[in-house]
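The values are calculated or read from the model by the stated rules, or taken from the named source; none is laboratory data. As the structure is a computational prediction, the values presented were derived from the model and not from experiment. Positions of Cβ are backbone-derived with ideal geometry, glycine not excepted, and every protein chain shown enters the neighbour counts.
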Amino acid sequence: MEKILANKRLVVIGSLILLSAVIYYFVKSCAPPQGSINYGICNTFLEQQLTFPNTLDQTFVEEYPPSSVRIYYKYVDSYGQVNFSYIQCSFANDPEKGYIAKDISFKSPVKEITEKFYDKERKRTIYKLKPELLDLFNQSNGAAVIMSQDPDLTQPVPRAMF
């Protein structure tokens, strides 16, 4: 009799653990995906560079651990045209300067902050942030300032660009 009660108790405990796990994963799957701090820094930098940041619509995010992120987006420029592009940000931990941006590049030119660069390996043209502006961003502790303000890390739900 005691053996039957012990088995029933084990079945009840196991069922409760299984039910708790199912509920946990269900609730977690309903929440929007959260990005890393790299996404937050890159997203904030992108918003600061667009002329009309309220027209920014992110369509997809790719994170390349441990320190790189690519954000695909569309936005409306000053002529009313919808443009599709992406920004790719790479970060590094410098022992003297702290967390810094190693490289920031765009698919298409952005204002006067980018310069044309031909990537021979991939056989395509990209637009990199000018080195002096990247140094200025790092000297001003831009990444640390953005991290201190707790940027929104909620990623967009992946969808088609159009």
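Condition first: of a type outside the set (Val, Ile, Thr), out of contact with any helix residue (DSSP H, G or I) (no Cβ under 9 Å at 6 or more places or on another chain) and on the phi < 0 side of the Ramachandran plot. Now tell me which residues in the range 112-129 satisfy that. Passing the criteria: GLU112, LYS116, PHE117, TYR118, ASP119, LYS120, GLU121, ARG122, ARG124, TYR127.
Kindly indicate whether SER78 is at pLDDT 90 or above and of a type in the set (Ser, Thr, Tyr). No.
Return yes when TYR86 is modelled with pLDDT of 90 or more, touching a Pro at 6+ places or on another chain (Cβ under 7 Å), in the same structural domain as ILE41 (by TED's automatic domain parsing) and buried (at least 17 other Cβ atoms within 10 Å of the Cβ) and no when it is not. Here the answer is no, as TYR86 does not meet what is asked. The set of residues in the range 13-42 being part of a helix (DSSP H, G or I), under 22 Å from LYS74 (Cβ atoms) and out of contact with any Phe, Trp or Tyr (no Cβ under 9 Å at 6 or more places or on another chain) consists of TYR39, GLY40. Annotation for the range 135-144: at least one member residue is in contact with a Phe, Trp or Tyr (Cβ under 7 Å, 6 or more places away or on another chain) and touching a residue at least 60 places away in the same chain (Cβ under 8 Å). Among the residues making up the range 131-150, those that are closer than 20 Å to ILE113 by Cβ and either aliphatic (A, V, I, L, M) or in a loop (DSSP other than H, G, I, E, B) (or both) are LEU133, LEU134, LEU136, SER140, ASN141, ALA143, VAL145, ILE146.
Could you tell me whether PRO156 is surrounded by 15 or more Cβ atoms within 10 Å (Cβ to Cβ) and either more than 22 Å from the chain's Cα centre (by Cα) or farther than 17 Å from ILE87 by Cα (or both)? Considered against the rule, which asks whether it is surrounded by 15 or more Cβ atoms within 10 Å (Cβ to Cβ) and either more than 22 Å from the chain's Cα centre (by Cα) or farther than 17 Å from ILE87 by Cα (or both), PRO156 comes out as no.
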